[in-house]
Structures are given as C-alpha cells and as structure tokens.
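The next block holds one structure in the form of structure tokens; read it before the comments.
The values are calculated or read from the model by the stated rules, or taken from the named source; none is laboratory data. In this text the structure is predicted, and so the values were computed from the model without any measurement. Cβ atoms come from the backbone with ideal geometry, glycine included; neighbour counts cover every protein chain shown. Protein only, heavy atoms only, side chains kept; ligands, DNA and RNA dropped before computing areas. Shrake-Rupley method; radii C 1.70, N 1.55, O 1.52, S 1.80 Å.
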Amino acid sequence: MKEEKCILKNQKSFKLKDIFECGQCFRWNEQEDGSYTGIWKENVVNVKQKNNEIIFEGVTKSGDLEKEIKEYFDIERDYEAIKIKLGKIDDNMKKSIEYGEGIRILNQDLWETIISFIISANNNIPRIKGIIERISKAYGKEIKYKEKSYYTFPTAEELKDVTVEEFRKLGLGFRDIRLYETTHMILENKVNLEELQKNPNTQEVREKLLSLS
C-alpha cells in the first residue's frame, strides 16, 4: 500500500476528541502529538488538526484516501444545519449540542459495529478497545504503516472456526457465546447485512438487529 495525504480546510463540526472519544468507535488511539491513528476496513490513517486544516495521512486499500475520508467521516453532510434544527427542541438539547459540537457520526462497517457493541455490553471503553484489538490481532489481516503493525477487524468468515472457548481466552467473558452465535447467524444468512444497509425502514432494521444474539 502506498502512503497518501489529504487535507481538508475550514471544516466545521469536526473535533478529534469529540469524534473519537464519544464512545461510537473503539479503534482510534491518541498519539503523543495529539493526533489520532485508527483503522477501519483495510485503511490505516493518522489525523491531526492544525489551525483551520485537518490533515490525514495513511494507507488505504482503494488507493484513494480522499474518497475514503469523505465517506467514513460523513463529510458531505451539513452538520451545522442539523445542529440548528435540533437546537430548537429545548435547552437540554441545545446544551448537548454545544458540549459535543465537534461530533460526526462515522460511517463504520456494519459487521464490526454490531460485534463491537455486543462486546460493549456491561463494559468500559478501555476494556472494549482491548478485546477488539486482541480479536483483530488473532484473526484479522496485518497492515504495516510507518513500521508498525495494525490489524483489520476479522470478517464473519474469518471467525467461522473460532470456538466459544477461544473467544473466552481473549477476555470476552459472558459475551463469548453472543459473539459465536451472532457470527454463525450471519454466516447462515439468518440476517443479511447487505439487505439491512439498503433497507430504509428503521423499524424493520431494528427488529432484525434485535434478533441477533
């Protein structure tokens, strides 16, 4: 993979700490210089803010860093307009928006998100991150970036032969059977993730998600 760089200027509603530490994602880590490095799908990227610039550097499977960034960080959506609309609901909503004014909802991989939030049950963020990292290192693919190894989140296919006991050894606790059962429900097409993503009916999607272990 070839290293790439992308710079966005004058981007509103974009603060690294708000985005990466609000509990929506678990694979981004703050670096000594205040930047964050993370992995999603088969992309490893470092992002930092300097004055009015957001600087992205990393490697992507597609070889199009700008495209990957715009999709993942939901850049085309007008968050300012959304905040104005929601801010009119009541003072509590207005205060919440001011508190997390730099949050963007990341377009994360659906499979990884489902498994991550099964792991998050009755858990804390540092421990969730540790479990996800161990699963990825054990069963994901290695990507080298700046002489450091990163690991993709394993697909359902890559987890198909993993036993409940093997999941337990990674520190999953009571969640081990949930991860095992959900993996096999996806593999057996009892829930089709592609169809879920295309379905505009929120209630139908919710019911399908609730059928997972």
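A few points about this structure:
- Set 141, 190, 137: member being among the basic types (Lys, Arg) and either over 20 Å from the mean Cα position of the chain (by Cα) or crowded, with 18+ Cβ neighbours inside 10 Å (or both): 190
- Some residue of region 156-163 being within 18 Å of the chain's Cα centre (by Cα), closer than 20 Å to residue 57 by Cα and not in a helix (DSSP H, G or I): no
- Among the conditions (1) touching a Lys or Arg at 6+ places or on another chain (Cβ under 9 Å); (2) part of a helix (DSSP H, G or I); (3) of a type outside the set (Gly, Ala, Ser), residue 75 misses just one, which is (2).
- Inclusion of residue 68 among residues that are touching a residue at least 12 places away in the same chain (Cβ under 8 Å), surrounded by 14 or more Cβ atoms within 10 Å (Cβ to Cβ), part of a loop (DSSP other than H, G, I, E, B) and not β-branched (Val, Ile, Thr) is not warranted.
- Subset of region 26-60 (residues that are part of a loop (DSSP other than H, G, I, E, B), modelled with pLDDT under 95 and at negative phi): 52
- Residues of region 78-106 that turn out to be in a helix (DSSP H, G or I) and without any contact (Cβ under 8 Å) to a residue 12 or more places away in the chain, as a count: 14
- Every residue from region 28-47 that is within 20 Å of residue 115 (Cβ to Cβ) and open to solvent by 20 Å² or more (accessible area, probe 1.4 Å): 29, 41, 42
- Subset of region 168-185 [open to solvent by less than 40 Å² (accessible area, probe 1.4 Å), assigned to a helix (DSSP H, G or I) and closer than 14 Å to residue 116 by Cβ]: 175, 179, 182, 183
- Which numbered condition residue 127 misses (of (1) in contact (Cβ under 8 Å) with a residue 24 or more places away in the chain; (2) open to solvent by 90 Å² or more (accessible area, probe 1.4 Å); (3) farther than 30 Å from residue 161 by Cα; (4) of a type in the set (Lys, Arg)): (3)
- Contacts under 8 angstrom Cβ, first residue in region 150-166 being in contact (Cβ under 8 Å) with a residue 60 or more places away in the chain and surrounded by fewer than 13 Cβ atoms within 10 Å (Cβ to Cβ), partner of a type in the set (Gly, Ala, Ser) and outside any loop (DSSP other than H, G, I, E, B), 6 or more apart: none
- Count of region 74-92 residues which are over 19 Å from residue 24 (Cα atoms), of a type in the set (A, V, I, L, M, F, W, C) and surrounded by 13 or more Cβ atoms within 10 Å (Cβ to Cβ): 1
- From the options 19, 54, residue that is open to solvent by less than 10 Å² (accessible area, probe 1.4 Å) and under 23 Å from residue 151 (Cβ atoms): 19
- Pairs, first farther than 14 Å from residue 125 by Cα and free of Cβ contacts under 8 Å to residues at least 40 places away in the same chain in region 23-45, second hydrophobic (A, V, I, L, M, F, W, C) and buried (at least 17 other Cβ atoms within 10 Å of the Cβ), C-beta under 6 Å, six or more apart: 36/16; 36/20; 36/28; 36/47; 38/28; 45/56
- Lone qualifier among 116, 213 - being touching a residue at least 60 places away in the same chain (Cβ under 8 Å), within 14 Å of residue 27 (Cβ to Cβ) and either among the hydroxyl-bearing types (Ser, Thr, Tyr) or assigned to a helix (DSSP H, G or I) (or both): 116
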